[in-house]
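Have a look at the structure below before the remarks.
The values are calculated or read from the model by the stated rules, or taken from the named source; none is laboratory data. These numbers come from a predicted model, not from an experiment. Virtual Cβ from ideal backbone geometry, glycine too; neighbours counted across all protein chains shown. Ligands, DNA and RNA are stripped out before the accessible areas are found, and what is left, the full protein with its side chains, is counted by its heavy atoms. Shrake-Rupley method; radii C 1.70, N 1.55, O 1.52, S 1.80 Å.
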Amino acid sequence: KVSLVHGAHRTGRRTDAAMARWRAYGLGQFIHWGLYSIPGGEWDGKTYNGAAEWIRSWDGITKSAYDSLIYHFNPVKFDATAWAAAAQQMGAKYVTITTKHHDGFCLWPSKYTSYTVASSPYKKDLIKPLVDAYNKAGIDVILYFSIMDWSNPDWRYDIKTKDDSIAFERFKKFTRNQLLELLERYPTTKGLWFDGTWDNAWVKQAAFADELETEMRKMRPGLIIGSRFRADENGKRHFDTNGQLMGDYEQGWERKIPNTITEVHGNDWDCVMTVPENQWGYNAAWKGHIKTTDELLEMLAKCVSLDGNFVLNFGPKGDGSIRKEELSLAREIGDWMAVNQEAIYGCEYAGLEPQNWGYFTKKTGTDKIYMLVFNVPVSGALRVKLPVQTSISKAYRLGQPAQTFVPEEIQASESFIHLKTTSEKHPFVIVLETAKKTENPKVKYEKAK
Ligand SMILES: C[C@@H]1N[C@@H](c2nc3ccccc3[nH]2)[C@H](O)[C@@H]1O
């Protein structure tokens, strides 16, 4: 262990109520919305092959042409209540919304730059109606904020000269001002999801970022900040020089999911996932592999089975409408959650040996186990290995309690649940009520003779 001033300030998970609420979410919605939503990955009849929200960095568009999009941003179809209703029906317990992406365009009327919605034809704050509508729908809000800001002349990818460092000092003040402004303006928000923090200039700001994180936490007790915000004084990100997680949860699972519990190192984490291969902002082309509802449900189940939250991304159009393909995915996910949410919300890693048929989750604080079945074996026999001295007292289909199962014990703490049919076409859940086998005192007494 090396001594660090700006490394992790806590080892192990946070144990407070605000973090327990976050841990229980299971399913979240990500929203990427901004000027990049207007071109949607296309410009001058050409298609940008990168992620649509990165189109400003493409040599197929001039920076001034991109920046002039601000004069065309007028999302007349924006309806925060409708967005929140779709998220609520999907079963999202929280939403992470881009307040400012790498391009620097602010969806709130920030006092510290003119590159905001206030300078657009729309004029009005977009974040407040979203926070209010989602909170009203019982959904918590986390604010996405990109440190990297291409619109700010003081931003630097690296600090090489005295001028760079003078400019970047101004940029650090600007960044702090905007973050404190967001916390002031939206007091019900639960956390900040930082991005754009990999460049050399920011990685060198260990002390500044550490102090800023402390200041924000003091301003908002319970505030949740992930591992992507700051680096330690050796430039280490996500995990400090001693391998300790920075921040409150691991934020490295972008478009990927851990396969084993060991990869999670006992930390809280979220996985943020796109519906296409790699498009966060609205992409008109909608090309390549588009994940199906069952694929997304399996990702959700896998995340919760390994102690994580699954955050599914939506990319509204420049006019404020949500594309029909995303609305139908949300609807189908919501239909499944309406029946099976008990196996997701407030659930955690069950501590059981993974099986090929799907994923185990366990209701936090109970011995209730859920079998989320995605791959029905041709045998119809689902293997379950419980901890020793644990038995299954009841087994039934979630949502159809009359459909019960009598496990076939094949050896100590190992059973088969035999399905009645192997022709299921969609994922389903079996509930196992388990109990510790208690020693029978009579038997103990007889032994004693
Ligand atoms: C949550 C996601 N993070 C941003 C991003 N920028 C990247 C640059 C290089 C590698 C990965 C990146 N992810 C994406 O634009 C999106 O906002």
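The calculated pair-distance distribution of region 300-449 uses every alpha carbon pair, bins of 10 angstrom beginning at 0, and gives 10, 35, 29, 14, 8, 3, 1, 0, 0 percent.
Keeping every protein chain in place, order 366, 11, 99 by accessible area at 1.4 Å, biggest value first, i.e. largest first. Numbers along the way, then the final one.
Numbers: 366 55, 11 100, 99 0 Å².
Largest accessible area first, the residues go 11, 366, 99.
Magnitude of the charge dipole for the chain, about its Cα centre and with charges confined to Cβ atoms of Lys, Arg (+1) and Asp, Glu (-1), is about 960 debye.
Measuring against 24 Å, Cα to Cα, the residue pairs 394/437; 123/218; 394/420; 128/218; 287/317; 123/324 contain 123/218; 123/324 as the ones spanning a longer distance. Put 198, 43 in order of accessible area, highest first, and with a 1.4 Å probe you get 198, 43.
Assuming a viscosity of 1.306 mPa s and a temperature of 10 °C, what translational diffusion coefficient in µm² per second does Stokes-Einstein assign to region 200-321, Rh being the Kirkwood radius over Cα pairs?
This corresponds to a translational diffusion coefficient of 97 µm²/s.
Take every DSSP beta bridge whose two residues both sit in the chain; close to 55 percent of them are antiparallel. At full extension, residue 425 and residue 17 could sit 143.0 nm farther apart than now, given 0.36 nm per residue minus the alpha carbon distance.
Multiplying the residue separation of residue 49 and residue 163 by 0.36 nm and removing their Cα-Cα distance gives an extension gain of 37.6 nm. Based on alpha carbons, the Rg and Dmax found for the chain are 24.4, 92 Å.
The residues of region 270-318 expose, per residue, 25 Å² of accessible area to a 1.4 Å probe. Taken over region 1-86, the convex hull of the Cα atoms encloses 237 Å³ per residue.
Calculated accessible area for region 1-58 comes out at 45 Å² per residue, all protein chains present (probe 1.4 Å; ligands, DNA, RNA ignored). Per residue, region 109-149 exposes 37 Å² of solvent-accessible protein surface, assessed with a 1.4 angstrom probe and all protein chains in place.
Pairs of Cα atoms nearer than 8 Å and 6+ residues apart set the relative contact order; for the chain it is 18 percent. Here the gap between residue 396 and residue 356, fully extended at 0.36 nm per residue and compared with their Cα-Cα distance, gives a gain of 12.4 nm.
With a 1.4 Å probe and all protein chains left in place, how much of the accessible area of region 163-248 comes from carbon and sulfur atoms, in whole percent? Answer for region 163-248: carbon and sulfur cover 50 percent of the accessible area.
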